[in-house]
Amino acid sequence: MGPRVRNWLLVGVMLLLSCAGAEAQDSVAQFYKGKAITIIVGSSAGGGYDLYARMLARHMGKHIPGNPSFVVTNMPGAASNVAAAHIYNIAPKDGTVIGAIFMGAVVEPLFSQKTRTTHDTSKFNYIGNANKDVYVCLIRAEAPVKNFAETFDKEIVMGGTAEGASTRDFSVLLKNLLGAKFKIVSGYPGSREVNLAMERGEVHGGCGQSWSSVAANHRTQFNEGRFKVLVQEDTAGYPELNSQGIPRTIEFAKTDEQRQILDLVYSQTVFGRPYVVAPEVPKERVDALRKAFMAAIRDPDMMAEAKKIDLDIDAISGEELQTMIGRIYATPKDILEKAKQALTLK
C-alpha cells in the first residue's frame with residue numbers, strides 16, 4: 001500500500017468517526033430537547049449535598065445538547081441508600097434522573113455488616129464528583145471537652161445519621177479504633193439536623209461533616225464561638241485548619257494497622273460528592289452528562305457563585321471516578337474486614 005492510499009484511508013476513517021460523533025450528539029440533543037433532568041439528593045434540604053446539587057442544577061443544562069431544564073428533589077433516608085435504590089430500581093433509566101448520593105453509600109458494601117440486595121452502587125455510571133472534602137468533628141462551646149485528646153477520658157454525645165453515612169460511621173470509627181469516649185445518637189435525617197440538635201443542646205457534637213459545607217452554612221456559629229472544630233478526619237488535613245493547629249485523627253493512631261484502616265476509610269473522601277445515573281443509561285447520554293458536568297464545574301458563572309458562598313470546588317471526572325471506585329473495590333479482603341469491624345457500632 002503506497003503512502004497516498006494510506007493517507008486517503010486515514011482521512012476516510014477520520015471522517016467516519018467525525019460523522020459517528022456528530023450523529024451521537026444529534027441523538028442526545030433530540031432526546032433532551034424539551035425535557036427536564038431531575039437531581040435526587042439523598043439527604044434533606046439545606047445540607048451540603050443539597051447546596052452543591054442546586055448550584056450544579058443552575059448551570060449544567062446549558063452544557064448538555066438539547067439544553068434540558070433541571071429540577072432538584074430531596075429523598076433522605078438510610079444514608080442516601082433510599083435515593084440510590086430508587087435510582088437503581090424505580091426511576092427512569094434514560095438519563096433524566098441523576099443521583100447526588102453520599103460517598104458512604106458508594107463504599108457501604110465494602111465496610112458494612114449488612115447486605116443490601118436492592119441495589120449495587122458499584123454498577124452505577126458515575127457522572128463526576130464535585131469536590132474532595134476534608135471531614136471534621138464539630139462540638140458546641142459548652143461541650144465537656146475542649147480538644148480531641150480529652151475525649152479519651154471524658155464522654156461526649158455525638159449526633160449522627162444512619163449507618164453508611166460519614167456523620168454516623170466516622171464517629172463509630174473513632175470510638176472503636178482509637179478509643180474516643182463517644183456516646184453516639186444516630187437517626188437524624190442529615191448533617192443539618194445534627195447541627196440543629198447541637199444548637200438545642202441535644203448532643204455535644206457530630207463527626208463526618210464536610211468542612212466546605214460547614215464553613216458555608218455555619219459561619220455565624222463559628223464567628224460567635226458557638227461551634228468549634230474538634231479534630232480533622234483526613235490524612236492530610238485542610239490548609240486553613242492545619243494553620244490553626246487543628247489536629248488530624250491519624251495523629252492519635254498508635255499502630256501501623258490503625259493508620260492503615262484510617263487511610264482506607266478516609267480514601268472515600270476523595271469523592272465526597274459523587275453524581276450517578278443508572279447502569280442502563282445509554283452510553284452516549286452518559287458521555288454527554290459527564291462532559292456537561294465538567295463543563296459546568298469550569299463555567300465562570302458557577303465558579304463565581306461557588307466563591308461567593310464559600311464552597312470549594314475540586315472536581316473529578318466521571319471516567320476517573322469510575323476507575324477510582326474500581327480500585328477501592330479491589331482492596332484486599334483482610335484489610336476490608338478489619339475496617340468493617342472498626343465501623344460496626346458495638
Considering only residues that are buried (at least 18 other Cβ atoms within 10 Å of the Cβ) and modelled with pLDDT of 95 or more, look in region 300-318 and name the one that is nearest to the chain's Cα centre (by Cα).
318
From the residues in region 149-176 that are among the aliphatic types (A, V, I, L, M) and crowded, with 24+ Cβ neighbours inside 10 Å, which one is farthest from residue 337 (Cα to Cα)?
158
Identify, from the list 280, 240, the residue that is over 30 Å from residue 114 (Cα atoms), among the acidic types (Asp, Glu) and more than 19 Å from the chain's Cα centre (by Cα).
240
Within region 31-38, identify whether any single residue is part of a strand (DSSP E or B), within 29 Å of the chain's Cα centre (by Cα), modelled with pLDDT of 95 or more and of a type in the set (A, V, I, L, M, F, W, C), and answer yes or no.
yes
Quick check on residue 85: is it farther than 22 Å from residue 212 by Cβ, of a type outside the set (Val, Ile, Thr) and in the same structural domain as residue 254 (by TED's automatic domain parsing)?
no
With the requirement that a residue be under 19 Å from residue 217 (Cα atoms) and among the β-branched types (Val, Ile, Thr), what does region 21-71 give you?
41
Scan of region 54-73 for residues that are part of a strand (DSSP E or B) and within 20 Å of residue 273 (Cα to Cα), ordered by number:
70, 71, 72, 73
With the condition kept exactly as written, say whether any residue in region 168-175 is in a loop (DSSP other than H, G, I, E, B) and not assigned by TED's automatic domain parsing to the domain that holds residue 101.
no
When both residues are 6+ apart or on different chains and their Cβ atoms are under 6 Å apart, which pairs have a first residue that lies in region 316-337 and is touching a residue at least 24 places away in the same chain (Cβ under 8 Å), and a second that is of a type in the set (D, E, K, R) and surrounded by 14 or more Cβ atoms within 10 Å (Cβ to Cβ)?
318/290
Among the residues of region 233-245 satisfying the criterion of being in a helix (DSSP H, G or I) and modelled with pLDDT of 95 or more, which is surrounded by the fewest Cβ atoms within 10 Å (Cβ to Cβ)?
243
Just one listed residue, out of 257, 284, is modelled with pLDDT of 95 or more, acidic (Asp, Glu) and surrounded by fewer than 20 Cβ atoms within 10 Å (Cβ to Cβ), and it is 284
Within region 266-278, is even one residue among the basic types (Lys, Arg) and closer than 30 Å to residue 206 by Cα?
yes
Restricting attention to region 106-120, does a residue exist that is in a helix (DSSP H, G or I), in contact with a Gly (Cβ under 9 Å, 6 or more places away or on another chain), surrounded by 24 or more Cβ atoms within 10 Å (Cβ to Cβ) and modelled with pLDDT of 95 or more?
no
Within region 177-195, does at least one residue satisfy the condition of being free of Cβ contacts under 8 Å to residues at least 12 places away in the same chain, part of a helix (DSSP H, G or I) and not assigned by TED's automatic domain parsing to the domain that holds residue 83?
no
Only one of 74, 131, 125 is buried (at least 18 other Cβ atoms within 10 Å of the Cβ) and modelled with pLDDT under 95; which?
131
Qualifying position, being surrounded by fewer than 18 Cβ atoms within 10 Å (Cβ to Cβ), under 24 Å from the mean Cα position of the chain (by Cα) and within 27 Å of residue 308 (Cα to Cα), among 226, 192, 219
219
Given the conditions (1) buried (at least 24 other Cβ atoms within 10 Å of the Cβ); (2) touching a residue at least 60 places away in the same chain (Cβ under 8 Å), and given that residue 96 satisfies all but one, which numbered condition is not satisfied?
(1)
Going by what's in this entry, would residue 203 be described as of a type in the set (A, V, I, L, M, F, W, C) and part of a loop (DSSP other than H, G, I, E, B)?
yes
Restricting to region 246-290, count the residues that are among the charged types (D, E, K, R), touching a strand residue (DSSP E or B) at 6+ places or on another chain (Cβ under 7 Å) and in a loop (DSSP other than H, G, I, E, B).
1
Just need a number here: residues in region 202-220 that are at pLDDT 95 or above and farther than 23 Å from residue 83 by Cβ.
4
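The values are calculated or read from the model by the stated rules, or taken from the named source; none is laboratory data. Keep in mind the model is a prediction, meaning the values are calculated, not measured. All Cβ positions, glycine included, derive from the backbone under ideal geometry; neighbour counts span all protein chains shown.
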